[in-house]
1. Does region 10-49 hold any residues that are of a type in the set (Gly, Ala, Ser) and modelled with pLDDT of 85 or more, and which are they?
2. Take the residues in region 23-62 that are of a type in the set (Ser, Thr, Tyr) and open to solvent by less than 90 Å² (accessible area, probe 1.4 Å), then tell me which one is farthest from the chain's Cα centre (by Cα).
3. Could you grab the pairs with beta carbons closer than 6 Å, sequence gap of 6+ or different chains, first residue in region 36-64 and within 16 Å of residue 26 (Cα to Cα), second one of a type in the set (Asp, Glu)?
Amino acid sequence: MRILYMLFAVLLLLFQAAPGSADPIFADTVECRNQGNFCRVGACPPTFTVSGSCHAGLLNCCSK
């Protein structure tokens, strides 16, 4: 019975994915992040302005 717990732990570690690895790469998202900006759903924070879009137009690219 102990071997099942060990096997479950090993399988969990083997199939662990890195954060964000399943996200598709969009050209506008890469361009936004290369400029030092960030993507956000909805409006940008008060001190930031919208400088473009991310994720094929679904998010806003926020810059200082």
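1. Looking only at region 10-49, we keep the residues that are of a type in the set (Gly, Ala, Ser), and these are 17-18, 20-22, 27, 36, 42-43.
The answer is 27, 36, 42, 43.
2. Just the residues of region 23-62 that are of a type in the set (Ser, Thr, Tyr), to begin with: 29, 47, 49, 51, 53.
Add one more test, that the residue is open to solvent by less than 90 Å² (accessible area, probe 1.4 Å), and what stays is 29, 49, 51, 53.
Numbers: 29: 10, 49: 20, 51: 19, 53: 15 Å.
Per the stated criteria, the residue is 49.
3. From region 36-64, the pairs are 53/28; 54/28.
The values are calculated or read from the model by the stated rules, or taken from the named source; none is laboratory data. All of these numbers come straight from a predicted model, not from anything done at the bench. All Cβ positions, glycine included, derive from the backbone under ideal geometry; neighbour counts span all protein chains shown. Accessible surface areas use protein heavy atoms only, side chains included; no ligands, DNA or RNA. Shrake-Rupley method; radii C 1.70, N 1.55, O 1.52, S 1.80 Å.
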